[in-house]
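Heads up: the structure comes next, in structure tokens.
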Amino acid sequence: MKQRISIKDLEPGFYQAMFGLGKYEASTGITAGLKELIKIRASQINGCAYCLQIHTVDARKGGESEYRIYALSAWWESPLFSDAEKAALAVTDEVTLIADRGLSEATYQEASRHFNDHEMAQLIAHIIAINAWNRIAVSTHMFHEVS
């Protein structure tokens, strides 16, 4: 597969705005490990190989286990994730697939048991950001050289 266009080169202002999201993400109280799980899960749903490569490596560098990364595609069936992580992953699934049914009240309420309003806002913002990156990478056929 050949890369189509480089938005980074053609529209650097847009890319700078996207990097601004990254700076925001670094400032939130959501743990680095949970951020990577969210990024991997959304990228699985969206079929974004580029982001999967980057974020599985980042997760492993951050101490995430191979077992949990492998189990992420069936997180709801796995005993490897905490209730809070499962709630965040449920929100990730529903926000990523927003056109299917939105973010259900049941999922929102369960997540609200584990995250306060401020954290819920941050969680949703993280999900939106990785979905934006997934859409850039998938639509332009971005690829990552494996070393």
- [ ] Determine the relative contact order of the chain: mean sequence separation of Cα pairs under 8 Å and six or more apart, normalised by residue count, in whole percent.
- [x] 35 percent
TODO: Calculate the spin-label point distance for ALA84 paired with LEU10, positioning each point 7 Å from the Cα along the beta-carbon direction, and give it in nanometres.
DONE: 4.2 nm
Task: For the chain, convex hull of alpha carbons as volume per residue, Å³ - done: 124 Å³
Open item on the list: Give me the one-decimal nm value for the distance between modelled label points at ALA17 and ALA106, 7 Å along each residue's Cα-to-Cβ direction.
Closed with: 3.7 nm
Task: Summed residue charge, Cβ within 14 Å of THR31's Cβ, Lys/Arg positive, Asp/Glu negative - done: -3
Open item on the list: Could you order the peptides 35-42, 46-53 from most to least packed, using the average number of other C-beta atoms within 10 Å per residue?
Closed with: 35-42, 46-53
Task: Residues with amide H under 5 Å from that of LEU97, placed H, sequence gap 5 or more - done: none
Task: Paramagnetic reach from HIS118 (point 7 Å along Cα→Cβ, amide N under 14 Å) across region 1-41 - done: 27-31
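Note the per residue figure in Å³ for the convex hull of the C-alpha positions in region 1-83. Before the final figure, lay out each step's value.
Values: hull volume 9.7 nm³, N = 83.
For region 1-83, the hull spanned by Cα atoms encloses 117 Å³ per residue.
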Task: In the chain, lysine pairs closer than 29 Å at Cα, eight or more apart or cross-chain - done: 15
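We did not get these values from a lab; they are worked out from the coordinates using the rules stated. All of these numbers come straight from a predicted model, not from anything done at the bench. All Cβ positions, glycine included, derive from the backbone under ideal geometry; neighbour counts span all protein chains shown.
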